[in-house]
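Accompanying notes for the structure given below.
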Amino acid sequence: MNAASAAPETLGPALLDQLPAAVQTPGYDRTTLAPGMAHLGVGAFHRCHQAEYTDDLLARQFDRWGVVGINIRPPILADTLGRQGGLYTRLIRENSHIEARIIGSIVRVVDSQDSAAPALGVLSSSDIELVTMTVTEKGYCHVPSSGALDLGHPDIVHDLANPHAPRSVPGILARALEMRRATHGRPLTLLSCDNIPANGVILETVVRSFAERRGNGLADWMAANAAFPSAMVDRIAPAVTQDDLDSVEQWFGYRDAAVAVGEPFRQWVIEQKFAGRVPRWDLVGATFVDDVTPFEHLKMRVLNGAQTTLATLGVLAGLEHTSDAIADPLLSAFIRRMLVEETLPTLMPVPGMDPSAYVEQSLGRLKNTAIRHRNHQIATDGSQKIVQRLLNPIRDRLRLGQTIGLLSVPVAGWMAYLIQASDRFGKRWPVSDPYAGKVAAIADATGRDAPALASAILAIDTIFDPGLAANAAFRAAVTSALNEMLSDDPMAAVRHSLEQDEVARLKRSKQQAL
Ligand code: CS2
């Protein structure tokens, strides 16, 4: 590389042998890597997680497992990864520590934002034996409270009427399976890597519901030729910023428009339920298990529950990132107490893991100041996240007659976050959530009347199942926290819930002592 030139060169295959020694490069001959799997939704998370595991595996046991990256939604991949021959820099950052590595597992990228045809071409090809995906919670077009396909979803309505030109993930996958059945008939494993509970079951449900409505035997073919394992995926990898791109240029002297930044921790637990050959990710740190549920609950309720709580309460407290929120003494005390007292007892035993140690490890991860995870990013699509992160543990506790005073606070936080984005509340911040319009309409019609607001929002039964919404203790806790969050001192809700919890704790220990 010509370090003296004014315009630094852009990362690409030609630059691989000229990079500074601090930047690791793929440990295998990439020119001989053939595609064997596809990934839908090539965002920061995929680049920091599945693509890195695959890169590790290729270096350890080379095989035909190149990834074809497909986007059916923005951004356009051709402008970034496409120009760079699929290469990008993966930075691992922890406070002042930085580790840079070029990931080579993505061999080709395909933009299919305007039409599903390019995506279908890849997904129906006989070379592709596995499809992984990170299409976000709302990409599944399911009803969050039940997991069923949302037949009222505009993209599903469109796709059922136009099955050959689908727009939705379920519609595209069903069509790809139909094409595979009509051509070579080879099986396919469809592996969801999104953060939704029982993601394989949800994926299978939405694709099967779609296939059943095609009424051409596709659903039966799928039952024998497609597998939908569930998986728990974990690594904090926030949206990449211009700062990250500039840093790579400044530190290493080349330009990379597809940098990905993550924390050191990573985990991948995959249900052993495959339709054919799959990459041996278990050789490089992933775990293949019979049941991912205990791992999934642990991760979603502890790490993700903490993130969502810190995100909405953090915004209400005027804090920018997770690391800022957890540095706040009140929020930090709250989050530990909530996880230890209310969340931990809802977890089932997790093979090989100690849940208390996991809580401490998770809190440590959230303190990483080099990971600039914006509270607004985590609060995005909160309606799709709170069921698995907060409402399910609340439901489990209520079933056993246990307290839910702490876990109810972030539920009110989610409400307050969307309410204050409405016109009537002065549009305090821009939000992005499929239910933002609905909550804003409620807020505009209701004004600052916490009981009425909470009541109307709890009546959204696609998020709050009616049994939970009717629970008096839950309603009271959410309403009282919401009332304070909409005041001039939103953190009063956090303080008071801790005080009340302390009083209840003292009472319990006195009773036990008697
Ligand atoms: C975050 C997750 O934005 C969010 O919803 O909570 O992306 C989180 O960082 C990952 O699940 C960590 O594995």
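The values are calculated or read from the model by the stated rules, or taken from the named source; none is laboratory data. No experiment lies behind these values; they were computed from the predicted model shown. Cβ atoms come from the backbone with ideal geometry, glycine included; neighbour counts cover every protein chain shown. When the accessible area is computed, the model is the full protein with side chains, heavy atoms only, and any ligands, DNA or RNA have been set aside. Shrake-Rupley method; radii C 1.70, N 1.55, O 1.52, S 1.80 Å.
List of remarks:
- Only residues that are open to solvent by 50 Å² or more (accessible area, probe 1.4 Å) and under 23 Å from His153 (Cβ atoms) were counted across segment 458-471, and they come to 3.
- Hey, Pro197 open to solvent by less than 60 Å² (accessible area, probe 1.4 Å), more than 20 Å from the chain's Cα centre (by Cα) and within 22 Å of Lys273 (Cβ to Cβ) or not: no
- The set of residues in segment 255-286 being of a type in the set (A, V, I, L, M, F, W, C) and part of a loop (DSSP other than H, G, I, E, B) consists of Ala257, Ala258, Val259, Phe265, Phe274, Ala275, Val278, Ala286.
- Segment 386-398, subset out of contact with any Phe, Trp or Tyr (no Cβ under 6 Å at 6 or more places or on another chain) and open to solvent by less than 20 Å² (accessible area, probe 1.4 Å), residue farthest from the ligand (Cβ to nearest atom): Arg397
- Condition check for Val409: open to solvent by 10 Å² or more (accessible area, probe 1.4 Å) and away from the ligand (no atom under 16 Å from the Cβ): no
- Of all residues in segment 309-320, those being open to solvent by 10 Å² or more (accessible area, probe 1.4 Å) and within 11 Å of the ligand (Cβ to nearest atom) number 0.
- Picking from residues in segment 48-65 that are closer than 22 Å to Ala176 by Cβ and in contact with a Gly (Cβ under 6 Å, 6 or more places away or on another chain), the one that is least open to solvent (accessible area, probe 1.4 Å) is Trp65.
- Every pair of residues 6+ apart whose Cβ atoms lie under 6 Å, when the first sits in segment 448-472 and is farther than 27 Å from Gly426 by Cβ while the second is surrounded by fewer than 21 Cβ atoms within 10 Å (Cβ to Cβ): Thr462/Val143; Thr462/Ser145; Asp465/Ser145; Leu468/Arg395; Asn471/Leu398
- Restricting segment 439-457 to residues that are in a helix (DSSP H, G or I) and out of contact with any Leu (no Cβ under 9 Å at 6 or more places or on another chain), the residue that is most open to solvent (accessible area, probe 1.4 Å): Ala445
- Test: residue in segment 399-406 that is crowded, with 19+ Cβ neighbours inside 10 Å, within 14 Å of the ligand (Cβ to nearest atom) and not aromatic (Phe, Trp, Tyr): no
- Among the strands (runs of 3 or more DSSP E) confined to segment 27-132, the ones with at least 3 residues that are touching a residue at least 60 places away in the same chain (Cβ under 8 Å) and within 16 Å of the ligand (Cβ to nearest atom) are located at 88-94.
- Residue count, segment 212-269 (criterion: away from the ligand (no atom under 16 Å from the Cβ), open to solvent by 10 Å² or more (accessible area, probe 1.4 Å) and of a type in the set (Ser, Thr, Tyr)): 1
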